[in-house]
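Throughout, read-outs are computed from the coordinates displayed, never taken from laboratory work. Computed from a predicted model, the values in this text were never measured in an experiment. Because the Cβ atoms are built from the backbone with ideal geometry, glycine has one as well, and the counts that use them run over all protein chains shown.
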Amino acid sequence: MSLEASDKVFGENTDGMESFLIGTRQVIAVNHEYVNNETNLPNNEKGMPKNLDEVKILQHMQGVTVMEVAEGADGWQIVVDSPLNRRIHHNTPMKLSGPAAGSDLLKTAADPAGVDCLGTFNNCGAGKTPWGTYLTCEENFNGYFGSTVADFKMPDDYKRYGIVAETRYGYELFDERFDVSKNPNEPRRTGYVVEIDPSDASSTPIKRTALGRIKHENAAVVVARDGRVVVYMGDDERGEFLYKYVSNGIYVPGGDTSKLLDEGMLYVAKFTDEGTGEWLALTPETTGMKMDEIYVFTRQAASKVGATTMDRPEWVATNPVAIEAYCCLTNNSNRAVVKDGKMKTNAGGDVMEISAVNPREANEYGQIVRWYPENDDHADGKFKWDLFLMAGNPSVHKDGLYAGSSNINEGNMFNSPDGMMFDSTGLLWIQTDGEDSNEGEFAGQGNNQMLAGDPATGRIERFLTGPKGGEVTGMTWSGDKRTMFVGIQHPSAPFPDGEGKLPRSTIVAVKRDDNALVG
């Protein structure tokens, strides 16, 4: 791949996506989570860049693609000359907004005001606002920042987010922006939800700091009873937390939406073993932290208020036909594990003991938690909860917690629920990103897959199975609901082009033979 072409092609490792009808145009926005260095720089040892141009090639292959698509005689194709087509990557100009914008914690030599930044990183899950914008979520941003100074003393907050001296990308060797010994604030400008307008290819993406700085999985947006905007978010790391944002302002169709994701309250979940829970507000009074610190060091703030450590909170989904929400807790091999006489903790030192919502030690299978807001209102501060399912292996474990919940059997079993979305009818679609060795604890579970779940009955059925080595992640529907688009990431089998071809991440289009509705 040449430098000149690298920002003009579909990126690598597809993940979350959403579709938009813009006039009569069908547009898909899709994330590109990371790159495989050796694929893009095949002549370099371990694919490590040797100069700044090669760094830029890697940077351009990640981020987001916005593309118009159209269905024709040969199926769905990209409209290559559409004015809406756009690549957003690690060097795209962006704005910081909300309570952390302008903070001294976000200022750099290149941006002394702390409001202008470049790039969006490790884009995992996604979301869609009622006003038609795309939310892309920065997850493992820590992996791009390193130090060229061996004895550089890392700031204390780096440990909680996993920022270390050496990276697998090597950006810091040639691009000073990623060298924390020269730009220690730069990593603090990543880890946010980024809002993109797919209807305007010239628009500037906005990092919404009011939604917190965590390893965002996705952003599930719903409008509360009184019109306030609620955003649910998981922080994908072992022992981290589940969050909710509630706007101050009311969403009015056609009205000003510019402040709805800037001005509001950020909460973190606390679950009880009795099946109830509450949302704890993150404020200077509850955390003892300054306002900007809460939104830059959000994990630390959540620890201070005593939130419940979770088994890797990944995608959240809200039911369009019922007042309820779900979160995939994908796995946690450290839950309640004792080493050297001490129980393992998250990166902030919070102990991960067994609880009703995280009921298994060394949880390799994962579960899905469901909650019902009090007063049928997503903005309410309290909720009731249950476990919709516990993944497991009933062929290995004949009974007990590791066999899974009663709606799991040898015909539908899986591990590590990850992606999750509802269709317009209220059917829950579950995607997995787990162990596909098909051996030992995972015998008989096969490759990663996508399943359909009925919230009313709890019935779970497998819908499709991905190629070997691949994660099934990201899905959306065409405007007429007759096509389902599904993402396949990092396959090791020669997919989709067959034997002898390079495995590639792919979006597949799924239709019924009779062209009836699929979503």
Separation between the SER202 and ASP340 pseudo-spin-labels, each 7 Å from Cα along Cα→Cβ, expressed in nm? 5.9 nm
What number do you get for the chain when its Cα radius of gyration is normalised by 2.2 N^0.38 Å, N = residues? 0.92
Provide the gained length on full extension for the span ASP386 to VAL518, in nm with one decimal, where the gain is 0.36 nm per separating residue minus the Cα-Cα distance. 44.7 nm
What is the ratio of the Cα radius of gyration of segment 248-387 to 2.2 N^0.38 Å, where N is its residue count, to two decimals? 1.16
Among the lysines, select those whose C-alpha is under 23 Å from the C-alpha of LYS270, and discard any that sit fewer than 8 residues away in the same chain. LYS215, LYS244, LYS290, LYS304, LYS344, LYS382, LYS384
Can you tell me the order of 368-376, 184-192, 350-358 when each peptide is scored by its average per-residue count of other Cβ atoms within 10 angstrom, highest first? 184-192, 368-376, 350-358
With an 8 Å Cα cut-off and a minimum separation of 6 or more residues, compute the relative contact order for segment 1-149 in percent. 23 percent
List the aspartates and glutamates whose Cα sits under 12 Å from the Cα of LYS95, skipping any in the same chain fewer than 8 residues away. ASP111, ASP116, GLU195
Cα centroid of segment 39-68 to Cα centroid of segment 216-240, whole Å: 31 Å
Using a ≥ b ≥ c from the Cα gyration tensor of segment 327-468 (square roots of the eigenvalues), is it rounded, prolate or oblate, where a/c under 1.5 gives rounded and otherwise the larger of a/b and b/c decides, a/b for prolate? oblate
